[in-house]
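Colleague: Can you keep this structure in mind? I'll have questions shortly.
The values are calculated or read from the model by the stated rules, or taken from the named source; none is laboratory data. Keep in mind that this is a model prediction, so the values were computed, not measured. Note that each Cβ is placed from the backbone with ideal geometry, even for glycine, and that neighbours are counted across all protein chains shown. Ligands, DNA and RNA are stripped out before the accessible areas are found, and what is left, the full protein with its side chains, is counted by its heavy atoms. Shrake-Rupley method; radii C 1.70, N 1.55, O 1.52, S 1.80 Å.
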Amino acid sequence: MSRQLEGRVALVTGASSGIGEATALALASHGAKVAIAARREDRLQMLARRIESLRSEALVIAADITVEGDARSMVERTLARWDRLDILVNNAGVMLLEPVDTAPAENWRRMLNVNLMGLMVATQAALPAMRKQRDGHIVNISSTAGKVANPTAAVYAATKFGVGGFSESLRKEVFKDNIRVTVIEPGAVATELRDHMTHAETKQTIEAWVNSMRQLQPEDVAASIVYAVTQPPHVNVNEILLRPTDQER
Ligand code: NDP
């Protein structure tokens, strides 16, 4: 494995499972030091041991990204430990699919607060250090739901379309300081994401749909992130849309 990211420092949010966990491992295996943030600290501690076994360093940060102070202190703690931040992967997310008619506003609030507010606050917190370095890369995890809006995904899609809009605007604000912005838009990935859905009928429909295909694995998405962050400095991969071969919409 080439260690193209040796000397680089990454912060991955939502690193306690799924895509975030696989991304933290992939970045570490390419030599990056990785700060790993989420609420489940026990999972992060186990991941830290795996990162260390890859001859890298890990920093465990227990954080609820919906708490503004936590979202900012993830960045501060990373900088306090390694004195730089090269790659921020805004990956933490929740997906509570259900029809608009009956959805509790609390479910909408959770998605807005994690998928959008958390990502935006963490990004803002990272910018001063990246501007000072005149180097940085912000990778925002959207979804095919950030490209195509389907029934039962109205608010999830609203958050992911929001990630796309935020990212493109951000890119135009920061590129002159050599900061790159990449949006990753995966289709169905085999993770815990769907386990948190509360609307039984929608959950059943979605599970039947994903079981009809060969889903992406978290490592497939991690590989796309590694691709984006290992390009030469003059190349900004703005967007990667990847679906399972079997996924139509
Ligand atoms: P997982 O459920 O496995 O991972 C979600 C991560 O987000 C967990 O580490 C979780 O950590 C973290 N998280 C959730 N709420 C919070 C919070 N309040 N504060 C801090 N961290 C939080 O799902 P995925 O790996 O699939 O999801 C990762 C991203 O990928 C999400 O943005 C999702 O929308 C996106 N995505 C996923 C797809 C899929 O099919 N799986 C497809 C397209 C996009 P903890 O609970 O420990 O806090």
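Colleague: Taking Rh as the Kirkwood radius, which is the inverse of the mean 1/r over Cα pairs, what is the Rg/Rh value for the range 89-154? Spell out each step's value before the answer.
Modeller: Details: Rg = 14.8 Å, Rh = 13.5 Å.
We get a ratio of 1.09 for the range 89-154.
Colleague: Using only Cα atoms, tell me the angle between helix 119-133 and the longest principal axis of the chain; keep it within 0 to 90° and round to the nearest 10.
Modeller: The angle comes out near 20 degrees.
Colleague: Can you spot the lysines whose alpha carbon is less than 22 Å from Lys176's alpha carbon? Ignore those fewer than 8 places along the same chain.
Modeller: Lys132
Colleague: Report the label-to-label distance for Gln4 and Gln124 in nanometres (one decimal), using points 7 Å from each Cα along the Cα→Cβ vector.
Modeller: 3.3 nm
Colleague: Convex hull over the Cα atoms of the range 130-216, averaged projected area in nm²?
Modeller: Values: hull surface 26.7 nm².
Projected area, direction-averaged: 6.7 nm².
Colleague: Between Arg110 and Glu68, take the C-beta separation as r, use R0 = 25 Å, and let me know the FRET efficiency to the nearest 0.05. Present the calculation step by step, with values, prior to reporting the outcome.
Modeller: Values: r = 15 Å, r/R0 = 0.61.
Efficiency at R0 = 25 Å is approximately 0.95.
Colleague: Just how much of Phe161 is accessible, in Å², when a 1.4 Å probe is used and the result is rounded to the nearest 10?
Modeller: The value for Phe161 is about 100 Å².
Colleague: Between Leu241 and Glu57, what length in nm is gained on full extension when 0.36 nm per residue of separation is reduced by their alpha carbon distance? Intermediate results must be reported in sequence, preceding the final value.
Modeller: Values: separation 184, 0.36 × 184 = 66.24 nm, distance 3.01 nm.
Length gained between Leu241 and Glu57: 63.2 nm.
Colleague: I would also like to ask the following. Helix 41-52 against the longest principal axis of the chain: what's the angle in degrees, Cα atoms only, rounded to the nearest 10?
Modeller: 50 degrees
Colleague: If each residue of separation counts as 0.36 nm, what is the full-extension length gain between Lys132 and Glu168 once their alpha-carbon separation is subtracted?
Modeller: 10.8 nm
Colleague: Also: If you line up the Cα atoms of the range 1-72 on their principal axes, what length do they span on each, largest first, in Å?
Modeller: Largest first, the range 1-72 extends 37, 21, 18 Å along its Cα principal axes.
Colleague: Once the Cα atoms of helix 200-211 and of the chain are each reduced to a long axis, what angle between those two axes, in degrees from 0 to 90 to the nearest 10, is obtained?
Modeller: 70 degrees
Colleague: Determine the sum of side-chain charges near Val34: Lys and Arg each +1, Asp and Glu each -1, restricted to other residues whose C-beta is under 14 angstrom from that of Val34.
Modeller: Numbers: positive: Arg3, Arg8, Lys33, Arg49, Arg50, Arg55, Arg77, Arg81, Arg84; negative: Glu6, Glu21, Glu52, Glu57, Asp86.
Counting the neighbours of Val34, the net charge comes to +4.
Colleague: For the chain, what ratio Rg/Rh do Cα atoms give with a Kirkwood hydrodynamic radius?
Modeller: Working: Rg = 17.1 Å, Rh = 18.0 Å.
Expressed as Rg/Rh, it is 0.95.
Colleague: Subtracting the Cα-Cα distance from 0.36 nm times the residue separation, let me have the gained length for Thr230 to Trp209 in nm, one decimal. The partial results should precede the final answer.
Modeller: On the way: separation 21, 0.36 × 21 = 7.56 nm, distance 3.38 nm.
Gain in length upon complete extension: 4.2 nm.
Colleague: Ranked highest first by the average count of other Cβ atoms within 10 Å around their residues, in what order do 211-223, 192-204, 141-153 fall?
Modeller: Numbers: 211-223: 16.8, 192-204: 14.1, 141-153: 20.1.
Output ranking for 211-223, 192-204, 141-153: 141-153, 211-223, 192-204.
Colleague: Check cross-link reach from Lys203 to the lysines: straight Cα distance under 26 Å, and skip same-chain residues fewer than eight apart.
Modeller: Reachable lysines: Lys147, Lys160.
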